[in-house]
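The next block holds one structure in the form of structure tokens; read it before the comments.
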Amino acid sequence: MDSKSCQIAACLIPKFKLNWTNSENCHEIRQTFLEYITENAPLTGTNPAITTTTAQSNSSDSEDDFFRLNNYETNVENNDIQIIANNYFSNTNIKTPLDLPLVLKNAYIQSNTAIPSSAHVERLFSAGGQLFNKRRGSMADKNFEMTLLLKFNKYFTEV
């Protein structure tokens, strides 16, 4: 897997962590993961430790914060991010994304959440309609699927 965003997304799934990669690439992928988390974590310059403050929660605000997993704000330093990442990779008690530390939860949401758009699906159905015409109406399901994938995979291949 060459895409760094895919590597980070796979690392953030507690079931996979770094189990899916070979030992040769493990260090490189771990370093990429640390760089991504460091870039996307909220940093503070004054507190060397993880500080947690309780956010205000009104009944009207709780409806707006539907996708917020915790009512906590966390500020983390670079050293703490490395400690959190090392603990995450070595901890076997983390089974679901809900068990992740807040910094990793935020990264998980950013990298593993689908974009709510139907444009790609509509484009796929449109191409399927163009393939499945009068001349190709008796095409087998497997052949139809392979032809459709061949048509769309040309956009994803690297030159």
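The values are calculated or read from the model by the stated rules, or taken from the named source; none is laboratory data. Fair warning: this is a prediction, and the values are worked out from it, not measured in the lab. Here Cβ is always computed from backbone atoms with ideal geometry, including for glycine, and neighbour counts include all displayed protein chains. Areas reflect the complete protein model, heavy atoms only, side chains present, ligands, DNA and RNA absent. Shrake-Rupley method; radii C 1.70, N 1.55, O 1.52, S 1.80 Å.
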Quiz item: Based on the mean of other beta carbon atoms within 10 Å per residue, what is the order of 82-92, 19-29, 113-123, 4-14, most packed first?
Solution: 4-14, 82-92, 19-29, 113-123
Exercise. Express in Å², to the nearest 10, the accessible area of residue 16 obtained by rolling a 1.4 Å probe over the protein heavy atoms while all chains stay in place.
Key: 90 Å²
Quiz item: How many nm separate the modelled label positions at residue 35 and residue 13, each set 7 Å beyond the Cα in the direction of the Cβ?
Solution: 2.3 nm
Quiz item: How about residue 134: which lysines have a C-alpha closer than 20 Å to its C-alpha, ignoring those fewer than 8 places off in the same chain?
Solution: 142, 151
Quiz prompt | Anchor residue 15: lysines whose Cα lies under 23 Å away (excluding residues fewer than 8 positions away in-chain) | solution = 4, 95, 105
Practice problem: Calculate one ³J(HN,Hα) per residue across region 138-153 by plugging θ = phi - 60° into the Karplus curve 6.51 cos²θ - 1.76 cosθ + 1.60, and present them in order as whole Hz with x for glycine and proline. | Solution: 9, 5, 5, 4, 5, 5, 4, 5, 5, 5, 5, 5, 5, 5, 8, 6
Quiz item: FRET efficiency for residue 89 and residue 117, Cβ-Cβ distance as r, R0 = 30 Å, nearest 0.05?
Solution: 0.35
